[in-house]
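Step one of this worksheet: look at the structure below.
Coordinate-derived values only; no laboratory data. None of the values given here were measured: they were computed from a predicted structure. When we count neighbours, we look across all protein chains shown, and the Cβ atoms used for this are built from the backbone with ideal geometry, even at glycine.
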Amino acid sequence: MIHTKNVTKTYQMGQVELKVIKDLNISIDHGEFVAIVGPSGSGKSTVLNLLGCLDKPSTGSITVEDIDVTRLNRTQLAKFRGEKVGFIFQSFNLIPVLSVYENIEYPLIMIQDLPEDERRTRIMALLKDVDMLDQKDKFPDQLSGGQRQRVAIARALVTKPKIVFADEPTANLDSETSKQIISLMRNIQKEFNTTFIFATHDEKIVTEVDRIITIVDGIITEDKRTAS
């Protein structure tokens, strides 16, 4: 489903070139439940952004579902992400002037243009799954960090994407809620063969995934299957 070939990512910091990702070669299949781990500054989030088409590599190619996404322009990439990909950001990225319900509904209107009845069915089901039904009319600034994260997770899942990229999705959640959210994502993975790729430090996620990819200083140092 996802294949990279000799991918690098370099940032220009004044007169200094900082190579964050070095010669990344990786393949991820349909329906995998994968954690990308490593110390802070290792390049985890950069890899996630590259695989999720939020950023382009400096060199090399990235193929997603047989499409070389490195050749797509900005408009084509936006359309591709809207149709195929869901994102869970550590910083939530909720729209402050929209309610919880409207934040989750937003991609269904802007990207998939679903009928209202179908939108409501999907949204209410996910609100129940993330235990936010009683908060659906509140606005982001009326919610705790954990509640905002649950809304962000519901928004990422509501389009039924083929791939979900999650950057520290449980960072703002208590242990019990984290377990519920991980279980929800695992159930979606099994039911719809959705691919989940996490960048995380959270052992609760790491112990549940099928594969752990370790990155240190922009280089994959280990790629192993687990017994999950």
Practice item. With the cut-off at 20 Å, report for segment 22-155 the share of all Cα pairs above it, as a whole percent. Key: 55 percent
Review point. What's the long-distance tail for segment 146-213, i.e. % of Cα pairs beyond 16 Å?
Key: 41 percent
Revision key, fill the gap. Looks like segment 92-139, by Cα gyration tensor root eigenvalues a ≥ b ≥ c and the a/c under 1.5 rounded cutoff (else prolate when a/b is bigger than b/c, oblate otherwise), is oblate
**Study point:** Shape of the chain, Cα gyration tensor, a/c cut at 1.5
**Key:** prolate
Review point. Using the Cα gyration tensor of segment 30-108, with a ≥ b ≥ c the square roots of its eigenvalues, what is the shape: rounded (a/c below 1.5), prolate (a/b larger than b/c) or oblate (neither)?
Key: oblate
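About its Cα centre, what dipole magnitude does the chain give when the only charges are +1 on Lys and Arg Cβ and -1 on Asp and Glu Cβ, stated in debye to the nearest 20?
Details: 29 positive and 32 negative charges, 77 e Å.
Dipole magnitude for the chain comes out near 360 debye.
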Practice item. Please list the non-local residues whose amide H lies under 5 Å from the amide H of Thr59, H modeled 1.01 Å from N, same-chain partners needing a gap of 5 or more. Key: Thr8
Check your understanding: How large is ³J(HN,Hα) for each residue in segment 209-224, as worked out from phi by the Karplus curve 6.51 cos²θ - 1.76 cosθ + 1.60 (θ = phi - 60°), to whole Hz, x for Gly and Pro?
Key -> 7, 8, 8, 10, 10, 9, 10, 10, 6, x, 10, 6, 9, 7, 9, 10
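For the chain, what does -39500 (n - 2.57) per DSSP helix run (n ≥ 4), summed and divided by total residues, give at 222 nm, in deg cm²/dmol to the nearest 500? Don't skip to the end; give the middle numbers.
Values: 7 runs with 76 residues, N = 228.
The per-residue figure over the chain is -10000 deg cm²/dmol.
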Revision key, fill the gap. Counting only DSSP beta bridges fully inside the chain, the antiparallel percentage to nearest 5 is 55 percent
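List the pairs from Lys79/Lys162; Lys128/Lys224; Lys128/Lys179 whose alpha-carbon separation is above 25 Å, in the order I gave them. Don't skip to the answer; put the middle values down first.
Numbers: Lys79/Lys162 14 Å; Lys128/Lys224 35 Å; Lys128/Lys179 15 Å.
Going by Cα-Cα distance, Lys128/Lys224 fall outside the 25 Å limit.
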Point to revise | Whichever aspartates and glutamates have a C-alpha closer than 13 Å to that of Lys22, once near sequence neighbours (fewer than 8 apart) are set aside | key: Asp217
